[in-house]
Every structure is written in C-alpha cells, then in structure tokens.
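Notes to accompany the following structure.
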Amino acid sequence: MTAPAVDATLHHQPVGASDQIAYGFVKLLRFCADTFFAKRYGHRAVVLETVAAVPGMVGATLNHLKCLRRMCDDKGWIKTLMDEAENERMHLMTFIEVSKPTAFERFVVVAVQWVFYLFFFGLYLVSPKTAHRVVGYFEEEAVISYTHYLAEIDEGRSANVPAPQIAKTYWGLPDTATLRDVVLVVRADEAHHRDVNHGYANELIGLPQIPVAPCPPHAVLEPTWKAAA
C-alpha cells in the first residue's frame, strides 16, 4: 500500500481574531514540544498523539448532545469526528511500540491529556469554530513534524526499524514495512484531519469548503464481542 502524496506546505492563513488566537496557541504548543523533545520524534509522537486524539471525541460528544437538544441531523460530523479520534488513538498505539515511553513520559501523557481535555472542552462550548481551527493548525504542525521525522530517517539519524505489527495490521502494510512506511501513512492521516477540521471551521461560519487530502485505507476496528459471537 502506497501512502497518498501530501502537501506539507499547505497552510490556512488566519482571518480575524479567532483564527489568530488559534494559530498563536498552536505555535505555543509547537515551541513547548520542540523545547522538550528536540529531535526525539518517536517520543514526541507518543505525547502529541495523545493530545491529538482528544478533539475528535470532544467534538463528537458535544455535536451529539446538540443534535439531541435541537432534534436535528448532524450532517455526518459525529461519525467523522469519532473516526478521527479512533485514527489518532491508533497512531498513539503504534508509536508506543516504536519508542517504548519511559515512566516519566507516561506521566506527562496523563497530565497533558487531562489539561488539554478540559481546555478543549471549554473552548468547544464557547466557540466550535475556533476549536476546529485549533485542530486544523495542530494538524498542520503534525504534518511538518512527520516530514522532519522522514528526513531524520532518510538521512540516517533515526533508525528505520521494522514497522510494528499493529501498524501492519491497521494500514495493511506488507511484512517488509519499516518505520518510514508507518510515518508516511501517519502523515497522510494528519493531512486528512488538517483539511477536515479547517473545512468544518469554514462550514460553521458559512465559508466555502476546501479540498480534503485523501486518507490512507485502514482496517475497520470491530468490537471484541463480534469476534466472539
């Protein structure tokens, strides 16, 4: 399976105070990540994918409750956001196998997750558009980070180890797949999430939709009770 091509330079220019705040917040997160992790991209991915898996679940929950209150259709956004959260969780599970996080890094994951969950939940209640713009910019930075990770692998500074079995199963990668193959499909996933969230932010304020990068095919995760039935 070949990962879709990704435009790593794509950027939504901030328009208005809301976008500026979202962009500034994400740039602050980027500065913190660069300072703490430097070029340890595998360890960075473990923490950041934990954060990235939060917005989809928050957005799906609050959209679900809004549709119940208003007795209206969700236009497919609840499942879209749930799928995003699931996909980001699989990124996390993959990079846990690659980097083997320390006890301290696991503590950081728990702390960052709770802080970001509460922040993002509050932000979504106040301004769903700003919340999705934050995710769009966050995913822009993720695409850049994974592009840098690819360069580290290609230039020999990061070992191109065999791909974890969980990644081979989820993305349908061949048995010979390596970490580079994993980073390529994860980067393509992030480009897809980038465009989806910028598109939803546009939809909420009546702006035109934007082209969405293709998402790599992956396995549909089924509950264990189905396998046992």
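Values quoted throughout were computed directly from the atomic coordinates according to the rules given, and no laboratory measurement underlies them. Remember, it's a predicted structure, so these values are computed and weren't measured experimentally. Quick reminder, even Gly has a Cβ in these numbers, built from the backbone with ideal geometry, and neighbours come from all protein chains shown.
Listed values, structure above:
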read-out	value
Relative contact order [Cα under 8 Å, 6+ residues apart], segment 16-216, whole percent	23 percent
Nearest-0.05 FRET efficiency for Gln20 and Ile166, computed from C-beta distance (R0 41 Å)	0.60
Neighbour net charge for Val143 - beta-carbon separation under 13 angstrom, K R +1, D E -1	-4
Summed residue charge, Cβ within 12 Å of Leu123's Cβ, Lys/Arg positive, Asp/Glu negative	+2
Residue order, fewest to most beta carbons within 10 Å, for Lys66, Lys168	Lys66, Lys168
Those aspartates and glutamates that a straight Cα-Cα span of less than 13 Å connects to Lys168, excepting residues fewer than 8 apart in one chain	Glu97, Asp181
Largest-first ellipsoid semi-axes for the chain, taking √(5λ) over the Cα gyration tensor eigenvalues, angstrom	28, 21, 18
Segment 120-229 - percent relative contact order, Cα under 8 Å, separation 6 or more	32 percent
Helix runs (DSSP H) in the chain reaching 20 Å along axis by Cα, Kyte-Doolittle at least 1.0	103-126
Packing rank of 205-213, 80-88, 46-54, where each peptide gets the mean count of other beta carbons within 10 Å, highest leading	46-54, 80-88, 205-213
Taking all pairs of distinct alpha-carbon atoms in segment 94-172, Kirkwood radius in angstrom	15.4 Å
